[in-house]
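Colleague: Okay, here's the structure, questions in a sec.
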Amino acid sequence: MAAMLQPQIILLKEGTDTSQGKAQLVSNINACTAVADVVRTTLGPRGMDKLIHDDKGNVTISNDGATIMKLLDIVHPAAKILVDIAKSQDSEVGDGTTTVVLLAGEFLKEAKPFVEDGVHPQNLIRSYRTACYLAIDKIKELAVSIEGKSLEEKKSLLAKCAATTLSSKLIGGEKVFFASMVVDAVIAIGNDDRLNMIGIKKVPGGNMRDSFLVNGVAFKKTFSYAGFEQQPKKFLNPKILLLNIELELKSEKENAEIRLSDPSQYQSIVDAEWNIIYDKLDKCVKSGAKVVLSRLAIGDLATQYFADRDIFCAGRVAEEDLQRVAAATGGTVQTSVNNIIDEVLGTCEVFEEKQVGNERFNIFSGCPSGRTATIVLRGGADQFIEEAERSLHDAIMIVRRALKNSTVVAGGGAIDMEISRYLRQHARTIAGKSQLFINSYAKALEVIPRQLCDNAGFDATDVLNKLRQKHALPSGEGASYGVDINTGGIADSFTNFVWEPSVVKSNAINAATEAACLILSVDETVKNPKSESAQGEAAASAMAGRGRGRGRGMRRR
């Protein structure tokens, strides 16, 4: 009787939403599977695009997993983990963002029946981690190095990696054209890690084939004053002066007050202002520079002054463009025009202003440092050019990774099938439940070739059976066989030049396994909504605090 009368223990605030146990875990797995289903159809060369329309009315058409995940605005706490792994894959490797989400979703889908049957999640996590280590070791074993090749050979190998990435994008039709452009751009910046050294400028109009690469810097013509058209628009081997100061006529001190006893003195003050600007301009001319760029405005007086002396000038140049010009030409940005020595001036072989579409571009080519490149993108619609830029970003990242890690594996689902076969074989040597879990991990890896077939409209079961048979050959000759998108059969991915850097795959498997393990290890979600009364109290205390700080007037006696 005493036990029945014990008061109920209230631990959490009223209205707190808690859910725990098996049902909670299954609910999280379902949420993640739903997210994976959204990007599932974008995988591979025949993948579809998604059109995302946000509340501000902006329309984005994209095929890139990370972009879609970012724009989806997911609120489910467990499913947000998939957004994070897509972002990390994008920043670390650049490509494979759809793959990583799909794999994580599939690992969880395979784990779901075990969870429902009462298997402890920790057993699943342990087996998944083991399988992940085995898979990554197998990737290292199967990877082919591109080290020690000549520059021409390396270029063609890297172009094939870039073409594999671009084949699944909107600009896949021109993948050969863009792949060689991306490789040239990445090789141009050498060992420089800063991605912003490759500029991508978008000019609507024309077709994709009108895009071109500048081995140097190109930027859109800036706002200009009268006198600009009188300036020369082309120089050979000019000296380039980079400034971060205004060259405009203005009162040196704002709101300054000057008292004069003699009106004739007024002219001397006006003259002093003119002399200051003329002095600055004179020093720029004496430096021997033929091209003057400034991050701040270059006024009408300065523009005309430079035009009279056959010097080209541009003011209000964007910060990143100025930094890229500095890196390419070997110049240094100056914050003063005093003591300009030759060492701070940059140079290039050719500077010219060129019409691209309906825009004018200032182009610096043949730069001595050569640590920068600019891709000028052309295309019909704005959304199309935006997507082309995202695609090129992925390809640039892939080529950089391949240059650094210099090992490639077969694409087209070949590596996934080979790891799957290896894990199934390994699972047979294990006694206990772990055998089943590693088997399910191996089955989950088959989602990549299956999805490639589904997206291309082929019979996935038929193709997968052919692949399994080929990979099971004891001689190991079928290890690089993957899906052939063009014929709907299977083909050797290596001889078809469907390659990807091994770091893409190992990173994707690692991140997907980590995410799956993280979601499997959560067994309770506590949601603590702010109750209305609490919000009301907070507002009241804030108001009270405001009134208190003013102090009270003294009472009159």
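The values are calculated or read from the model by the stated rules, or taken from the named source; none is laboratory data. The structure presented is a predicted model; accordingly, all values stated were derived computationally and were not measured. Because the Cβ atoms are built from the backbone with ideal geometry, glycine has one as well, and the counts that use them run over all protein chains shown. In case anyone asks, the SASA skips ligands and DNA or RNA and just uses the protein heavy atoms, side chains included. Shrake-Rupley method; radii C 1.70, N 1.55, O 1.52, S 1.80 Å.
Colleague: Search the structure for amide H atoms under 5 Å from the amide H of Lys202, placed 1.01 Å from N in the peptide plane, and list their residues when 5 or more places away or on another chain.
Modeller: Here the answer is Leu377, since their amide H atoms fall under 5 Å of that of Lys202.
Colleague: Ok, one more. Counting only protein heavy atoms and a 1.4 Å probe, tell me what percentage of the range 214-366's accessible area is made up of carbon and sulfur.
Modeller: Numbers: 3680 of 7890 Å².
Accessible surface attributable to carbon and sulfur in the range 214-366 totals 47 percent.
Colleague: Here is a follow-up. At 222 nm, what value in deg cm²/dmol follows for the chain if DSSP H runs of at least 4 each add -39500 (n - 2.57) and the sum is divided by all its residues, to the nearest 500?
Modeller: Calculated from helices alone, the mean residue ellipticity at 222 nm is -15500 deg cm²/dmol.
Colleague: Please identify which residues in the range 88-130 have an amide N closer than 18 Å to a label point set 7 Å out from the Cα of Asp37, following the Cα→Cβ vector.
Modeller: Inside the label zone: 101-113.
Colleague: So, one more: Starting from the Cα of His76, step 7 Å along the direction of its Cβ; do the same at Thr525; then give the gap between the two resulting points in nm.
Modeller: 0.8
Colleague: For the residue pair Asp55 and Asp279, what label-to-label distance in nm results when each label sits 7 Å from Cα along the Cα-to-beta-carbon direction?
Modeller: Output for this residue pair reads 5.6 nm.
Colleague: Return one quarter of the surface area of the convex hull spanned by the alpha-carbon atoms of the chain, equal to its mean projected area, in nm². Can you show the working numbers first?
Modeller: Details: hull surface 184.4 nm².
Across all orientations, the chain yields a mean hull projection of 46.1 nm².
Colleague: Can you list the lysines whose alpha carbon sits under 16 Å from that of Lys201, skipping same-chain ones fewer than 8 residues off?
Modeller: Lys220, Lys221, Lys354
Colleague: Let me ask something else about it. Can you order the peptides 347-356, 39-48 by their average number of other Cβ atoms within 10 Å per residue, highest first?
Modeller: Answer by packing, highest mean first, reads 39-48, 347-356.
Colleague: Would you pull out the residues with amide H under 5 Å of Glu248's amide H, same chain only if 5 or more places away, H placed 1.01 Å from N?
Modeller: So Glu248 has HN proximity to Gly299.
Colleague: Here is a follow-up. Taking the range 224-297, which GluC sites (Glu not before Pro) meet the DSSP loop condition and have no more than 14 other C-beta atoms within 10 Å?
Modeller: Values: sites: Glu229, Glu246, Glu248, Glu252, Glu254, Glu257, Glu273; in loops: Glu246, Glu248, Glu252, Glu254, Glu257.
Listed in order of number, the matching sites are Glu252, Glu254, Glu257.
Colleague: If I compute solvent accessible area with a 1.4 Å probe over the protein chains, what percent of it on the range 378-428 is carbon and sulfur?
Modeller: 45
Colleague: Give me the Å³ per residue figure for the convex hull around the C-alpha atoms of the range 404-482.
Modeller: 113
Colleague: Mind checking the per residue accessible area of the chain for me, 1.4 Å probe, whole number of Å²?
Modeller: Dividing the accessible area of the chain by its residue count gives 50 Å².
Colleague: In addition: Once a ≥ b ≥ c are taken as the square roots of the eigenvalues of the Cα gyration tensor of the range 140-183, is the result rounded (a/c under 1.5), prolate (a/b larger than b/c) or oblate (a/b not larger than b/c)?
Modeller: Working: a/c = 4.38, a/b = 1.56, b/c = 2.81.
Oblate, because a/c is 1.5 or more while a/b does not exceed b/c.
Colleague: Quick one: grab the alpha carbon gyration tensor of the range 384-526, order the square roots of its eigenvalues as a ≥ b ≥ c, and give me rounded if a/c is under 1.5, else prolate or oblate depending on whether a/b is larger than b/c.
Modeller: oblate
Colleague: When only alpha-carbon atoms count, how far does the range 322-386 stretch along each of its three principal axes, as whole angstroms with the largest first?
Modeller: Principal extents (Cα only, largest first): 48, 23, 19 Å.
Colleague: Between Asn123 and Thr429, how many nm apart are label points set 7 Å from Cα along the C-beta direction?
Modeller: Roughly 2.3 nm, to one decimal.
Colleague: Could you tell me the distance between the Cα centroids of the range 25-67 and the range 314-368, to the nearest Å?
Modeller: Cα centres, the range 25-67 to the range 314-368: 41 Å.
Colleague: Take every DSSP beta bridge whose two residues both sit in the chain, then give the antiparallel share in percent to the nearest 5.
Modeller: On the way: 38 of 54 bridges.
Roughly 70 percent of the DSSP beta bridges within the chain come out antiparallel.
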